[in-house]
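Worksheet: one structure, shown below.
Since every read-out is calculated from the coordinates, none of them should be taken as a lab result. This is a predicted model, so every value here is computed, not measured. As a convention, Cβ positions derive from the backbone with ideal geometry for all residues, glycine included, and neighbour counts pool all protein chains shown.
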Amino acid sequence: MSTSSGNITSVLKETRAFIPPAEFSANAHVKSMAEYEKLWQDAAKDPEKFWGQQAETLQWMQKWNKVLEWNPPHAKWFVGGKLNISANCLDRHLHGPRHNKAAIIWEGEPGEQRILTYQMLHREVCKFANVLKNIGTKSGDRVTIYMPMIPEAAIAMLACARIGAIHSVIFGGYSADAVADRNNDAGAKILITADGGWRRGKVIPLKENVDKSLEKSPTIEKVVVFNRCNLSVNMKAGRDMWWHEEMAKASADCPAEPFDSEHPLFILYTSGSTGKPKGILHTSAGYLLGTSSTHKWVFDLKEDDVYWCTADVGWITGHSYIVYGPLCNGATVMMFEGAPNHPKEDRFWEIIEKYRVSIFYTAPTAIRAFIKWGDHWPDSHDLSSLRLLGSVGEPINTEAWMWYHEKIGKGRCPIVDTWWQTETGSMMIAPMPGAIPTKPGSATKPLPGIIAEVVDQKGNRVAANQGGFLVIRKPWPSMLRTIFNDDVRYKEQYWSQIPNTYFTADGAREDEDGYIWVMGRVDDVLNVAGHRLSTMEIESALGSHAKVAESAVVGKPDEIKGEGICCFVTVKAGVVVSEELKKELRDHVTKEIGALARPDEIRFTDSLPKTRSGKIMRRLLRDIASGKQTTGDTSTLEDYTVLSKLRQEDE
């Protein structure tokens, strides 16, 4: 579990709490703490009965005969049941008022707009499912999807699900080598891509990357290319074909086939922020139930909502909360191709105003970027359509939470700070916004059916406000089933630390009200003079300073203390950096959380190394702070120049 002894020392204290607005609670699916507590207790007492009742919301082709078969660490949910994921996301909405409801509203980075109703999306999915069949795709085949943020990415995913193919979506920012590695690990037979995709005014040459990747991935037999940017690309005869040409020949009639509840739905390779990627395998019924139920609970979804999750479909957030959860619930999903600061820093606020977005779900790293860019950007737009805000990807520092609450939500929108992982498939800890008072920086309480605890290294629950390790005690429907082609690693990484208990690799504390405060990955904990400190808490203290936009804290070798505290700090626009400011920040951290956490070193930087999903790659910063060469997978790094700039500053 850890090479260090002892629990994590929690030093951050936050006492502010925000009660859900009365009007919001009155109209919410779950209206009070009492209702939440009853739901949670019912699920805890009889989880199989609870999840069986929840599963009635899905459309089954054959009902299950057993809710759960648990042979630790392997679970089977809804044993004997059969359904089709694509039918649950599309066909079920065609026989009522939703058939002409917008399923996807899309805006391309250059400004094009498209709206696909459920009826239109169903037709496109059926046609592309037939394209896949026509080129030899069968149930169980692996299909790589390497595309920009366009509706066709979702269409390809749903078409795979319709015919039982297992998709492996690879984020469009990956290099050719990264694509080849994932193709080979999955043994992919078909690859779906585009000529290119837009990002910050430039075209990413996706097909060119694919061609390079296929020199090293021999299992790919056919490549389907969508014409997004009108690029001149190489098309290899007999292997490559154009999406539009194949669609023109395909029938729109493709009945949904029944698949076993445990039929594999997708493999998703982790982003690489912690090293070697691994293929997380998710199956069908349990995953769909987890994503659809949490999407409805946590976002308090209403029929007229315009819901926008800013993630890419290449990440688990895009899978669960752009495609499967929302479409199963009949939501209207906003989808945007580009970056939040192109052509200007108000692109997101412009989209919210234009399309009257009511639910906005984004990452803390984006929120901190908004803070850095300045309040005048959101202030210049009408954001009154918003009724709920969400946060995902990493723990949110308290000051970013407060800025989000005040500047974007105008103090009237509940914030749902959500904790979950690629491995969990769906949200695990998050507030039900009409029921649970929120605290800045806390994901609040476990959702119904989730038994989450903070424990010591022996698996014993720790006292309130004592740092420990976050674990999940019982199986849940959307859990990963294994690591593709590596069940030994699955058992060792997730289930060997504490018997029959899922180890999240995150540190956390539970306060006196039962609220869980996630403190970041155990890998990111510092061992300072025998005390194990959370980097997130030090980052939160730095973030509370008026001149700081964002920070990342890592350890560096220290002969006396074991590890010293090194802080990489980005300041707000217009702030002049100086030695005096370094001292001011050291003193501020000391004042906020104590001398134990006083930074040994502060380095100012214009930007931090991040994955394209927005996560700070702290292991790269650890290498820089320690004077080491960069190691491990860096294929998801958004801007490679950040590393070189940081190393130049280090010289």
Response to the item:
Under the helix-only model (-39500 (n - 2.57) for each DSSP H run of 4 or more, divided by the residues of the chain), the mean residue ellipticity at 222 nm, to 500 deg cm²/dmol, is -8500 deg cm²/dmol
Worksheet, complete the sentence: Binned at 5 Å starting from 0, the alpha-carbon pair-distance distribution of the range 200-301 in whole percents comes out as 2, 8, 11, 12, 15, 18, 18, 11, 4, 1
Worksheet item: Considering only DSSP beta bridges whose two residues both sit in the chain, what percent are antiparallel, to the nearest 5?
Response: 60 percent
Practice prompt. Of the options TRP308, ASN341, PRO378, report the single residue whose Cα projects farthest towards the positive end of the charge dipole of the range 299-423 (beta-carbon charges: Lys, Arg +1; Asp, Glu -1).
Written response: PRO378
Practice prompt. Work out from phi, with θ = phi - 60° and the Karplus expression 6.51 cos²θ - 1.76 cosθ + 1.60, the ³J(HN,Hα) of each residue of the range 155-169, listed in order in whole Hz, and give x for Gly and Pro.
Written response: 4, 5, 4, 5, 5, 4, 4, 5, 10, x, 6, 9, 8, 10, 7
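Please report, in debye to the nearest 20, how large the charge dipole of the chain is about its Cα centre when each Lys and Arg carries +1 at its beta carbon and each Asp and Glu carries -1 there.
Numbers: 78 positive and 82 negative charges, 191 e Å.
That gives a dipole near 920 debye.
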Fill in: Helix axis angle, 176-186 relative to the chain longest principal axis, alpha carbon, degrees
70 degrees
Worksheet item: Going highest first, how would you order 183-191, 45-53 by mean Cβ packing within 10 Å?
Response: 183-191, 45-53
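Too long at a 30 Å Cα-Cα cut-off: which of LYS278/LYS372; LYS582/LYS615; LYS216/LYS278; LYS583/LYS610; LYS49/LYS296? Let's see the in-between values first.
Numbers: LYS278/LYS372 34 Å; LYS582/LYS615 25 Å; LYS216/LYS278 19 Å; LYS583/LYS610 27 Å; LYS49/LYS296 20 Å.
Checking Cα-Cα distances, LYS278/LYS372 exceed 30 Å.
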Worksheet item: Around LEU386, with a cut-off of 12 angstrom between Cβ atoms, what is the net charge of the other residues, counting Lys and Arg +1 and Asp and Glu -1?
Response: +2
Discussion item. Is the C-alpha gyration tensor of the range 86-216 telling us rounded, prolate or oblate? Criteria: a/c under 1.5 is rounded; beyond that, a/b larger than b/c is prolate, otherwise oblate.
Written reply: oblate
Item to complete: Please order TYR321, TYR118 by the number of other Cβ within 10 Å, starting at the fewest.
Response: TYR118, TYR321
Worksheet item: So which cysteines of the chain have no other cysteine's Cβ under 4.7 Å from theirs?
Response: CYS89, CYS160, CYS229, CYS309, CYS328, CYS413, CYS566, CYS567
Response to the item:
Mean projected area (nm²) from the convex hull of Cα positions in the range 569-631 is 5.7 nm²
Practice prompt. Compute the Kirkwood hydrodynamic radius of the range 422-565, taking the inverse of the mean of 1/r over all pairs of distinct Cα atoms, and give it in Å to one decimal.
Written response: 16.8 Å
Worksheet item: So, counting K/R as plus one and D/E as minus one, what does the shell of residues with Cβ under 11 Å around ARG356 add up to?
Response: -2
Item to complete: Could you line up VAL528, VAL225 from fewest to most neighbouring Cβ atoms inside 10 Å?
Response: VAL528, VAL225
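Can you run the Rg to Rh ratio on the chain? Use alpha carbon positions and the Kirkwood inverse-distance Rh.
Details: Rg = 23.8 Å, Rh = 25.2 Å.
On the Cα set of the chain, Rg over Rh gives 0.94.
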